[in-house]
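The values are calculated or read from the model by the stated rules, or taken from the named source; none is laboratory data. Please read all numbers here as calculations on a predicted model, not as lab measurements. Please note: Cβ atoms are built from the backbone with ideal geometry, for glycine as well, and neighbour counts cover all protein chains shown. These area figures cover heavy atoms from the full protein model, side chains too; ligands, DNA and RNA do not enter into them. Shrake-Rupley method; radii C 1.70, N 1.55, O 1.52, S 1.80 Å.
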Amino acid sequence: MSLAILLSCLVFLQPTESCKTQCQVVNKDKVQTSSRTQDCKVPCIENSHCFQNCSPGLEGNIGFLCKNKKWRKSTETCRTLNISTIFESYSIIANHILDSRSISHWTFIPERRSCSILLQSMISFVKNFFLSKRSLDISEEFVHILGISISKDTPKETLSFSMKVNDTDNKVTGMVLLPQEELQKLPSPSQAISIAFPTLGAILEATFFENVTVNGLILSVILPKELQRISLVFEKINKSRNGRTQCVGWHPTENKWDEEACEMALDSLNQTLCSCQSSKRFTSFSILMSPHVPESPVLLYIMYIGLGISIGSLILCLVIEVIVWHQVTKTEISYLRHICIVNIAATLLMADMGFIVASLFVNLVQYHNSCVAVAFFIHFFYLSVFFWMLVMALLILYGIVIVFHTLPKSIAMTSAFSVGYGCPLIIAVITLAATEPGQGYVRPMTCWLNWDNTKALLAFVVPALVIIMVNFITVGIVIVKTQRPSIGSPIAQEMATIVRISKNVAILTPLLGLTWGFGIAIVIEKDSLAFHIIFSLLNALQGFFILVFGTFLDQKIRDALKVRMSSVKWLSRLSEFSSESSHHPTKGSH
């Protein structure tokens, strides 16, 4: 079926070439008919113009210019072909390609730009239309063209469409509004043509996009260059409130929807009014519906304030580790544990900084390569956070299960860094190499991994979930190993066991990233503001959790800090005593 579509596309594009051949024949006819034309019957005034109709059977006109008191032919548009008649067959082919039953097959076409090429081909063809009458109306099930004559004296004009969508009898409407103030800019009479597509949005979505849905007709407009702003009304296909509406224009070179092309003037449950910029770059417009995310300033405050706290906490954590390093890394297990803590803090700090850089990108179309680089950076370091958490879990299992076996430090360090950085690097590089050649590594609107099109996000979600599961198992083993049978089950012993288990869970959960598992609730309950707040709070404060549970609650670190602070105080007092002694000599010196 995909081969049939490609062949259809080739046939669809072929009429443009065949027109050239047929027009050559027309040119011969024009040469033959030119001699049969008569000069203008009006007086010849120097540099004046006049026009005559072509001979019977031909369309167009012949222009004359008065030079040296004689009419001389200056222009000729006589043709035997009627472009509207040609488009009747042209539109049949396009209608077949755009059939709603063919949408799923577009995903198997190797050349992803085929649908964009199809759209631009339609626009290029229609640009050659010349309205011999007041209006134009060519209607197919999946393509509808309307054209009107316009001038600066024309009042506000409207091109209205109503077409079926989703293989039902339900129709949605779309309108192109030409404001009178824009029409006033026309220096001479002209024409306005618009094309409506009910299925092209789903085809573009199937081949290019993720996380957004085209929620109305796609309206392409061919207007005089003087008309720079137009208004478009889109009836929504999906009238659910659970989504955010965006007015967009199609960027043909970047193959992306661009929000810069339009501004939303009015939005309701059923319709959206967009004010759009008509230019050589933007000629096709529609509305998008993105998945609903509860919009609340609380989420933004939590994210940015929490991120600031997290970055500050991670920096403090690394500073403390440097201060107490020699005092707390005297045994093999403690040395490896602090190696894990330092690398977890460092990688999370780098990932948080990458997130800040990603938030600075506004025009992702212009800075696509930079966005890809930042997304790769974030992907790698977030994966490193999880894999160092996995190293931490394996270290705990090693310390609990294999008590009487000592692993050489060189082997342990090599294994830890291979897992902590080698595995994330391999996953990130493979993901980039597999998806970016087709520009499917990042999302259209965000510097983060693509989902709907290439499923690149799985390269982060799957490793994270697997590691979280391993860490849950580790916590379970720790709980079992730290329990002691309570003889007679006195309340004091039971409470002691509960406290001991709670401490282990409280310390291990933030360190091993189990709070990230709360993100599953966001997938299940997308519209829950409470879940979004909890998830944002837990993840924004990961750095703070690592500082508290990985550093401050470690007795050895606290003791080492006290020793260092006592040493600093003793040295301070010693320096003060020495200073006082030098300024106040003893009595024996007199």
> Taking only pairs six or more apart or across chains, which ones have beta-carbon atoms under 6 Å, a first residue in segment 350-361 that is of a type outside the set (Lys, Arg), and a second residue that is surrounded by fewer than 19 Cβ atoms within 10 Å (Cβ to Cβ)?
Replying inline: Asp352/Ile311; Phe361/Tyr367
> Restricting to segment 104-127, what's the tally of residues that are at pLDDT 75 or above, hydroxyl-bearing (Ser, Thr, Tyr) and either open to solvent by 10 Å² or more (accessible area, probe 1.4 Å) or in contact with a strand residue (DSSP E or B) (Cβ under 6 Å, 6 or more places away or on another chain) (or both)?
Replying inline: 3
>> Let me spell it out: the conditions are (1) part of a loop (DSSP other than H, G, I, E, B); (2) surrounded by 15 or more Cβ atoms within 10 Å (Cβ to Cβ), and Ser188 meets all of them except one. Which number is the exception?
In response: (2)
>> Checking Ile315 against (1) surrounded by fewer than 21 Cβ atoms within 10 Å (Cβ to Cβ); (2) within 30 Å of Thr435 (Cβ to Cβ); (3) among the aliphatic types (A, V, I, L, M): exactly one of these is not met. Which one?
In response: (2)
>> Could you check segment 270-289 and list, in sequence order, the residues that are surrounded by fewer than 16 Cβ atoms within 10 Å (Cβ to Cβ) and either at positive phi or touching a Ser or Thr at 6+ places or on another chain (Cβ under 9 Å) (or both)?
In response: Arg281
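Each row is one residue, and each column tells you yes or no for (1) open to solvent by less than 50 Å² (accessible area, probe 1.4 Å); (2) without any contact (Cβ under 8 Å) to a residue 60 or more places away in the chain; (3) not aliphatic (A, V, I, L, M).
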| site | (1), (2), (3) |
| --- | --- |
| Ser149 | yes, yes, yes |
| Lys164 | no, yes, yes |
| Val176 | yes, yes, no |
| Gln180 | no, yes, yes |
| Phe234 | yes, no, yes |
>> Can you find, within segment 318-335, the residue that is nearest to Met353 (Cα to Cα) among those that are touching a residue at least 24 places away in the same chain (Cβ under 8 Å) and open to solvent by 20 Å² or more (accessible area, probe 1.4 Å)?
In response: Leu318
> Pick from Glu263, Glu254: which is open to solvent by 10 Å² or more (accessible area, probe 1.4 Å), charged (D, E, K, R), in a strand (DSSP E or B) and over 19 Å from Pro198 (Cβ atoms)?
Replying inline: Glu263
> Given Leu395, Leu390, which one is at pLDDT 85 or above, open to solvent by less than 40 Å² (accessible area, probe 1.4 Å) and within 17 Å of Val478 (Cα to Cα)?
Replying inline: Leu390
> For Val385, are the conditions met, namely being within 19 Å of Ile468 (Cβ to Cβ), modelled with pLDDT of 75 or more and open to solvent by less than 30 Å² (accessible area, probe 1.4 Å)?
Replying inline: yes
